Amino acid sequence: MKKDFSKAIKYTTKVLDAWLPYKILCDRIPGLSVGIIHNGKLVYREGFGYADIESKIPMSPKTCFRIASISKTFTAIAIMQLIERGRIKLDDRVEKYLPWFKVQARGADLSGITIRQLLSHTAGVFRDGVTAHWENDKFPDLAGLKKSISEKTAVFKNLTHFKYSNFGFALLGEIIKKASGVSYNEYVAEHIIKKLKMERTAPDFNKKHEKWLAKGYPQSIPNKKRTVFIHSEVRAYAPATGFLSNVPDLAKYLAAISPKGPRVLIGRDSKKELLKPHWSIGEKGTSYGLGFLIYKIGKRKIVGHGGGFAGFITKISFDVENDIGVITLTNTNNSPCDSINTGIFESIYKFADRKSTHAKGERITQQEKLEGAYRSRWGDTIIVGADNNLIAFDPKENSPVKESDLLKPKGKNKFLMQTRSNFDYQGEFATFIFERESKKATKVILGTNPAKRLEK
């Protein structure tokens, strides 16, 4: 039976609009920007919270974020473009393009490392070189990159471990420069960003981008004012972590890399090569392709990448079979961005997989009068309508629909509760109360527990 993902996404967006304004408060996330792509089109985009807390600038889908390691996917695309043009080969050795790589090693055997191994994090090289740039924001240039190479560069023999390496992707940037004849930043700007008409995307930060960017915040520490991280250039590490972008631009990008999409950046065979598993990362059901993480949500295959930068946690992900993409971007380096991304997919799948959300013989009149956020002394409950039922969930949940209770209509403003836990009010009723002349329910009684509406 064919799944109705359009309808499932429609219900999910209702959930997001109700859930995320409270979720970001529960998790102390300053701001969040979300996008959903289906069949190549951006069907949902919304911002929640603030891009700048101090100035009360609201988050918008157009707000830009440092997307950090999502940059690796752009680098992988650039490599595949050069392969398609016959400039390089996947199994070429690094030293063919960067002779200084072997020379600088001073006794370490780096001669067998290939482009494929760098892309799949199987080269065995160290993660971040020898500088503390993640702490002091002083990222190395090419001279610094060369200087970091020594007998310590090879942590493992190549093709023996999955060893995540930003340094390895910095090398890929230099290979792109050598093979194309222009700098990495110039190459990706011309052959990816410009080609997709990405209006607020760049491979590295400079001052002209500051007005686009959200402010990036550290974790919220009790009794301390929240500080702001400065934006910094990442220089030679741009191919690993430099990019900044936003929801509309990343939607264009996800549509372009979909195997079902048109050949805009690379051909179908190149896409398959990037998105197939090359090495297990050591976690059940999760592997790495070439610049892309490959994992499962339930039984469905997802590809994508996350990113972490000072003040930002981000994630893009794509269900190849069903042509659905999810973008989640946050402006704090202490957020459940990855879990929210997964929770959005799980919500879509829950709605798509259930046989029907219709209740036989009962219809809810003016459902929107019941929907909303309610609070009791035991916590908050979000209630959202789906067909002729309601679902209720805690806004703290990372996967609200998966972790929801079902409310089935059994009379005017009265619903039978099907709860996930038998310790709750399973089999009892939720009753909505309206005060005189109120346009929306002002209270819901869940079993015997009253909860008042939060918003008017």
Margin query: Between ILE67, ILE37, which is surrounded by 23 or more Cβ atoms within 10 Å (Cβ to Cβ), touching a Phe, Trp or Tyr at 6+ places or on another chain (Cβ under 6 Å), among the aliphatic types (A, V, I, L, M) and under 16 Å from ALA251 (Cα atoms)?
Written below: ILE67
Checklist line | Looking only at segment 368-403, and only at residues there that are among the small types (Gly, Ala, Ser) and in contact (Cβ under 8 Å) with a residue 40 or more places away in the chain, the one that is surrounded by the most Cβ atoms within 10 Å (Cβ to Cβ) | finding: ALA386
Next item on the list: Kindly indicate whether ALA76 is assigned to a helix (DSSP H, G or I), over 20 Å from SER317 (Cβ atoms) and either in contact with a Cys (Cβ under 7 Å, 6 or more places away or on another chain) or touching a residue at least 24 places away in the same chain (Cβ under 8 Å) (or both).
Entry: no
Item checked: Given (1) in contact with a helix residue (DSSP H, G or I) (Cβ under 8 Å, 6 or more places away or on another chain); (2) β-branched (Val, Ile, Thr); (3) modelled with pLDDT of 95 or more, index of the condition THR357 fails -> (3)
Checklist line | Residue identified as assigned by TED's automatic domain parsing to the domain that holds THR73, more than 24 Å from PHE101 (Cβ to Cβ) and in contact (Cβ under 8 Å) with a residue 40 or more places away in the chain among VAL228, VAL188, VAL234 | finding: VAL228
Next item on the list: Go through LEU416, LEU329 for me and flag whichever is assigned to a strand (DSSP E or B) and free of Cβ contacts under 8 Å to residues at least 60 places away in the same chain.
Entry: LEU416
Check: Yes or no: SER55 part of a loop (DSSP other than H, G, I, E, B), farther than 24 Å from ASP338 by Cβ and free of Cβ contacts under 8 Å to residues at least 40 places away in the same chain?
Finding: yes
Check: Which condition number does ILE24 fail, the rest of (1) surrounded by 17 or more Cβ atoms within 10 Å (Cβ to Cβ); (2) assigned to a helix (DSSP H, G or I); (3) more than 21 Å from the chain's Cα centre (by Cα) being met?
Finding: (3)
Next item on the list: Could you check THR153 against (1) in contact with a Lys or Arg (Cβ under 9 Å, 6 or more places away or on another chain); (2) over 20 Å from GLY307 (Cβ atoms); (3) crowded, with 19+ Cβ neighbours inside 10 Å and say which number it fails?
Entry: (1)
Item checked: Out of LYS260, LYS225, LYS252, LYS208, sole residue that is out of contact with any His (no Cβ under 7 Å at 6 or more places or on another chain), part of a helix (DSSP H, G or I) and modelled with pLDDT under 95 -> LYS208
Check: Looking only at segment 217-255, which residues are crowded, with 24+ Cβ neighbours inside 10 Å and of a type in the set (Phe, Trp, Tyr)?
Finding: TYR217, TYR237, PHE243, TYR253
Next item on the list: Taking the residues in segment 387-398 that are closer than 20 Å to ILE364 by Cβ and outside any strand (DSSP E or B) as candidates, determine which candidate is modelled with the highest pLDDT.
Entry: ASN388
Next item on the list: Would you check if VAL401 is closer than 30 Å to VAL303 by Cβ and either in contact with a Leu (Cβ under 7 Å, 6 or more places away or on another chain) or modelled with pLDDT of 95 or more (or both)?
Entry: yes
Next item on the list: Would you check if there is a residue in segment 432-446 being in a loop (DSSP other than H, G, I, E, B), under 32 Å from the mean Cα position of the chain (by Cα) and exposed (fewer than 15 other Cβ atoms within 10 Å of the Cβ)?
Entry: no
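The values are calculated or read from the model by the stated rules, or taken from the named source; none is laboratory data. Note that the structure is predicted; figures quoted are calculated from it, not measured. Neighbour counts are summed over all protein chains in view; Cβ atoms, including those assigned to glycine, are modelled from backbone coordinates with ideal geometry.
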